[in-house]
1. Restricting the first residue to region 77-102 and requiring it to be under 21 Å from Ala37 (Cβ atoms), which pairs with a second residue that is surrounded by fewer than 12 Cβ atoms within 10 Å (Cβ to Cβ) meet a Cβ separation below 9 Å and a spacing of at least six or different chains?
2. Inside region 103-124, can you point out the residues that are without any contact (Cβ under 8 Å) to a residue 24 or more places away in the chain, part of a loop (DSSP other than H, G, I, E, B) and not β-branched (Val, Ile, Thr)?
3. Which one is nearest to Arg27 (Cα to Cα), of the residues in region 75-116 that are surrounded by fewer than 14 Cβ atoms within 10 Å (Cβ to Cβ) and of a type in the set (Gly, Ala, Ser)?
4. Output the qualifying pairs, or none if there are none: Cβ atoms under 8 angstrom, residues six or more apart or on different chains, first residue in region 50-73 and closer than 25 Å to Ala99 by Cα, second residue of a type outside the set (A, V, I, L, M).
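Readers should treat all values here as calculations from the given coordinates under stated rules, not as data from a laboratory. Predicted model only: the values in this text are computed from it and were never measured. FYI the Cβ positions are ideal-geometry reconstructions off the backbone, even for glycines, and counts take in every protein chain you see.
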Amino acid sequence: MADEEDNEDDEEEDGEGQDDSPEPEPRLFTLTEAERARQDLEPFLVEAMDCRKKLSGLENDLSAVSARIMMMGGVIVPYEKLAALRVQHQQLAASLKTALSRILETGCLIKDLEVGLLDFPAVIDNEDVYLCWKLGEDRIRFYHRQDEGFAGRKPIDPRDTGSGDIVQ
């Protein structure tokens, strides 16, 4: 029994949990699958972005109240207001977590929540790439190698430079 406890302690110290199974292979998307997923996920992305923005504002409000209390060396704490802010914060955090989970469970990657940038793992010409989409684009038009970022985006179809891009 003591040996079992020692083994459990060793696993915790090593940072390994009970599950030794390898991580699953990332899902690979075809362009059609990625486009379908993009359409399904867009509302969740918008919700996550909105929640993140509101959470940031709430955190600023909570920090301001905390700073005011500390600077005044004791002040009547607006408990009702703080409680309401905390409840709102918890609700937004839960909504954000749900929206992010919904996106990530598809195998899609969230690259930038501020601008709404999603990547879909794929293979083009036997090379691992990301099909890349940014909120506001009407469809997935670009990809980049996995070791490149947004700046390395190339059109999937060389004749399709996307809206507003100029062929050079």
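1. Partner pairs satisfying both residue conditions: Ala99/Pro43.
2. Residue satisfying the conditions is Glu105 alone.
3. This residue is Ser101.
4. Close Cβ pairs satisfying both conditions: Cys51/Ser95; Arg52/Glu114; Leu55/His89; Leu58/Gln88; Leu58/His89; Glu59/His89; Leu62/Arg86; Leu62/His89.
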